[in-house]
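Novice: One structure coming up, written as structure tokens, with questions to follow.
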Amino acid sequence: VRRQQGWVLFQNRFYYISSDTKSWQDSKADCVQKGADLVIINSKEEQNFLRKFKKRVWIGLTDKETEGVWKWVDRTQLSKSFWIPGEPNNFEGKDEDCGEIRYYDQEDSWNDAPCDMQINWICEQAP
Ligand code: 2F8
Ligand code: CA
């Protein structure tokens with residue numbers, strides 16, 4: 001059997017890093033199709049692990065439902081957050097409803113960006 005091709009194991013969970021780019025919604029759909037979802041970040045260790053892919057990526061974070069109320073794709077609230085200082089800023093009212101890891105060289109690396117932007121993404125499989 002070929003199992004978990006292209007997935008990386010970290011602390012009991014499998015992660016998939018895309019090699020192409022998509023909108024947040026299409027990225028999420030790709031994860032769901034793979035039996036996973038966009039990554040949910042619960043710890044400093046996980047945040048630092050994800051930075052090691054050295055890519056700008058969509059994560060499972062959105063305030064689509066209520067502007068300014070950020071939730072994970074499993075509908076839970078944030079326990080820890082790693083926003084870039086000054087973010088989330090809904091930049092110039094451009095409706096930035098989706099969360100990305102924008103920088104991989106600093107721990108506080110999350111930015112809110114327009115969901116139709118095309119970047120890489122990371123899926124996480126629940127154990
Ligand atoms: O300066 C921070 C700002 O940078 C960009 O806007 C100029 C980002 N937009 C995109 O990446 C599309 C903003 O989200 C970010 O806040
Ligand atoms: Ca922003």
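Novice: State whether the residues of segment 54-68 include one that is modelled with pLDDT of 95 or more, closer than 19 Å to residue 127 by Cα and of a type outside the set (Gly, Ala, Ser).
Specialist: Among the residues of segment 54-68, at least one is modelled with pLDDT of 95 or more, closer than 19 Å to residue 127 by Cα and of a type outside the set (Gly, Ala, Ser), which makes the answer yes.
Novice: Take residue 87 and tell me if it is under 19 Å from residue 42 (Cα atoms), near ligand 2 (Cβ under 8 Å from one of its atoms), modelled with pLDDT of 95 or more and of a type outside the set (Phe, Trp, Tyr).
Specialist: yes
Novice: Also, quick follow-up: Specify which of the listed residues (34, 28) is in contact with a strand residue (DSSP E or B) (Cβ under 9 Å, 6 or more places away or on another chain) and within 12 Å of residue 120 (Cα to Cα).
Specialist: Answer to the selection: 28.
Novice: Could you please let me know if residue 30 is touching a residue at least 24 places away in the same chain (Cβ under 8 Å) and either farther than 20 Å from residue 17 by Cβ or in contact with a helix residue (DSSP H, G or I) (Cβ under 8 Å, 6 or more places away or on another chain) (or both)?
Specialist: For residue 30, the condition - touching a residue at least 24 places away in the same chain (Cβ under 8 Å) and either farther than 20 Å from residue 17 by Cβ or in contact with a helix residue (DSSP H, G or I) (Cβ under 8 Å, 6 or more places away or on another chain) (or both) - is not met.
Novice: What number of residues within segment 99-118 satisfy the criterion of being touching an Asp or Glu at 6+ places or on another chain (Cβ under 7 Å), within 11 Å of ligand 2 (Cβ to nearest atom) and more than 15 Å from residue 42 (Cβ to Cβ)?
Specialist: 4
Novice: Across segment 62-105, which residue is nearest to ligand 1 (Cβ to nearest atom) among those that are among the β-branched types (Val, Ile, Thr) and more than 20 Å from residue 36 (Cα to Cα)?
Specialist: Of everything passing the filter in segment 62-105, 84 is nearest to ligand 1 (Cβ to nearest atom).
The values are calculated or read from the model by the stated rules, or taken from the named source; none is laboratory data. All values reported here derive from a predicted model rather than from experimental measurement. Positions of Cβ are generated from backbone atoms using ideal geometry, with glycine treated the same way; all protein chains shown enter the neighbour counts.
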